Amino acid sequence: MQEARRKGQVAKSKDLSAAVVLMAAVTVFFISSENAVTGMERHLSWYFANCISFNLPDKHLPGVFLKSLFDIFLIFAPVLLVSVFFAVMANVVQTGFLLSGDSLMPKSDRLNPLEGLKKMFSVNSLVELLKSILKVVVVGLVSYLVAVKYIPELLMVFYKNPSQEMLEILDVLIVVAAAGGGAYLILAVADFYYQRFDFLKSMRMSKQEIKDEYKQTEGDPQIKGWLRKRQREISMNKIREEVPRATVVVTNPIHYAVALRYQEGVTGAPIVIAKGAGDIALRLKAIAVKSSVPVAENPPLARSLFQQVDVGREIPVELYQSVAEVMAMVLKIDKRGIV
């Protein structure tokens with residue numbers, strides 16, 4: 001999920017954002033409709049008085065036109081600002097604060113005509129088509145049913161002054177837009193939950209995908225098992241070769257077993273030539289007994305040797321005394337056996 005989010009793939013409904021913006025704009029129009037009509041009336045009166053009367057020189061017409069556009073912008077600026085604010089908030093509520101460059105990167109499949117045809121005739125495209133038809137039918141039907149109720153009032157506005165006409169027509173349009181926008185908002189909320197369900201479904205991995213991901217992160221279990229088995233075999237082969245050459249095997253007696261080799265004048269200090277824990281320790285001890293290598297039970301020393309010294313390394317200075325005592329005990333025995 002985090003990887004998908006990093007790539008900009010999140011559950012989101014474009015219809016929900018559009019519906020929220022529409023309802024916000026309708027609300028602002030409803031609140032400020034009277035002021036908007038008054039402002040438009042005042043602006044049009046000024047415009048006709050200065051331009052249509054032909055009292056204004058031609059060189060001033062561009063300035064008047066620009067002023068006219070600016071005045072109209074100021075009248076509708078609240079609607080624009082509120083719409084932008086709610087458009088941003090609708091996206092933030094759906095996806096959180098998300099900035100992703102991956103979705104903006106060019107992709108080769110977008111330029112592939114075959115990929116375009118596949119998407120055009122896919123199940124998802126069919127679902128989107130059906131949703132679009134449903135939105136048009138529902139919103140259109142609701143708007144029509146509401147508008148029909150106001151036809152008698154609209155026919156009577158022609159008997160009123162222009163400002164009243166504009167105000168009443170605007171009120172009817174606001175009511176119709178609010179009804180259609182409300183229906184659209186309900187459909188958009190349903191679409192958001194559908195998009196969320198569809199997104200989670202697409203993110204849900206199959207059993208094979210889970211296995212593949214596990215292999216990528218943890219490695220193939222079969223290969224890891226085979227490697228562990230192979231490592232044990234190599235380790236045991238090494239133990240079989242080295243233990244018969246050991247001077248002594250120090251044991252725990254069952255948890256650890258460490259084979260030491262010491263040749264006076266050849267090695268500076270005893271060397272660990274093999275070691276093992278658990279079952280391997282028992283097998284190492286058995287090989288030592290079979291090969292007539294002395295086995296000395298000394299749990300503290302065996303544990304220290306196993307934990308501190310790697311195979312092929314000399315024992316550390318702090319263990320000299322303990323190992324020397326074991327070696328001395330071994331040398332006092334005339335025959336090789338268990339100490």
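A few remarks follow.
- When we screen Glu165, Glu153 for residues that are at pLDDT below 85, surrounded by 15 or more Cβ atoms within 10 Å (Cβ to Cβ) and in contact with a helix residue (DSSP H, G or I) (Cβ under 9 Å, 6 or more places away or on another chain), the only hit is Glu165.
- Restricting segment 259-280 to residues that are within 14 Å of Val330 (Cβ to Cβ) and in contact (Cβ under 8 Å) with a residue 40 or more places away in the chain, the residue that is surrounded by the fewest Cβ atoms within 10 Å (Cβ to Cβ): Tyr262
- Residue within segment 187-206 that is under 30 Å from Glu297 (Cβ atoms), exposed (fewer than 14 other Cβ atoms within 10 Å of the Cβ) and modelled with pLDDT under 85 present: no
- Flag if Ala178 is modelled with pLDDT of 90 or more, of a type outside the set (Val, Ile, Thr), under 36 Å from the mean Cα position of the chain (by Cα) and under 22 Å from Ala25 (Cα atoms): no
- For segment 298-311, the criterion of being surrounded by fewer than 20 Cβ atoms within 10 Å (Cβ to Cβ), assigned to a helix (DSSP H, G or I) and of a type in the set (S, T, N, Q) is met by at least one residue.
- Qualifying positions in segment 148-165 - in contact with an Asp or Glu (Cβ under 7 Å, 6 or more places away or on another chain) and touching a residue at least 40 places away in the same chain (Cβ under 8 Å): Ser163
- Answer from Val266, Val243, Val272 - the residue that is hydrophobic (A, V, I, L, M, F, W, C) and assigned to a strand (DSSP E or B): Val272
- The residue pairs whose first member lies in segment 122-147 and is free of Cβ contacts under 8 Å to residues at least 60 places away in the same chain, whose second member is surrounded by 11 or more Cβ atoms within 10 Å (Cβ to Cβ) and of a type outside the set (A, V, I, L, M), and whose beta carbons are closer than 6 Å, counting only pairs six or more residues apart or on different chains, are Val139/Gly180; Val139/Tyr184; Val142/Gly180; Ser143/Gly180.
The values are calculated or read from the model by the stated rules, or taken from the named source; none is laboratory data. Owing to the predicted nature of the structure, the values given are computational and were not obtained by experimental measurement. Neighbour counts are summed over all protein chains in view; Cβ atoms, including those assigned to glycine, are modelled from backbone coordinates with ideal geometry.
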